[in-house]
1. Scan segment 1-11 residue by residue and report those that are β-branched (V, I, T) and either at pLDDT 95 or above or over 15 Å from A54 (Cα atoms) (or both).
2. Only residues in segment 29-43 that are of a type outside the set (A, V, I, L, M) count as the first member; pair them with residues that are in a loop (DSSP other than H, G, I, E, B) and surrounded by 15 or more Cβ atoms within 10 Å (Cβ to Cβ), Cβ under 7 angstrom, at least 6 apart or cross-chain, and list the lot.
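The values are calculated or read from the model by the stated rules, or taken from the named source; none is laboratory data. All values derive from a computational prediction rather than experimental measurement. Every residue, glycine as well, gets a Cβ built from its backbone with ideal geometry; the counts of neighbours run over all protein chains shown.
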Amino acid sequence: MKIEELTLGVRVCITYGIHISKIGIVIAKGIQTVLLDIDEPLLISVLPKHLEPAPEDPLPPGWEEVEI
């Protein structure tokens, strides 16, 4: 993706690196990198070329899918 295509709150999928295939939410944009919240106790900085649009969240807000 291009950094111009990213806006705050957009869900993206990481396509490269340690966190490959994780879904994150854009919380800040820099000049060259994007800061993502990946639902872990850390925030990560990723280059926009390593991101692609994520599918829409199938569950309404407040619901979570759990394996039993």
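1. If we filter segment 1-11 for residues that are β-branched (V, I, T), which is where we start, we get 3, 7, 10.
Of everything in segment 1-11, just one residue is β-branched (V, I, T) and either at pLDDT 95 or above or over 15 Å from A54 (Cα atoms) (or both), namely I3.
2. K29/L6
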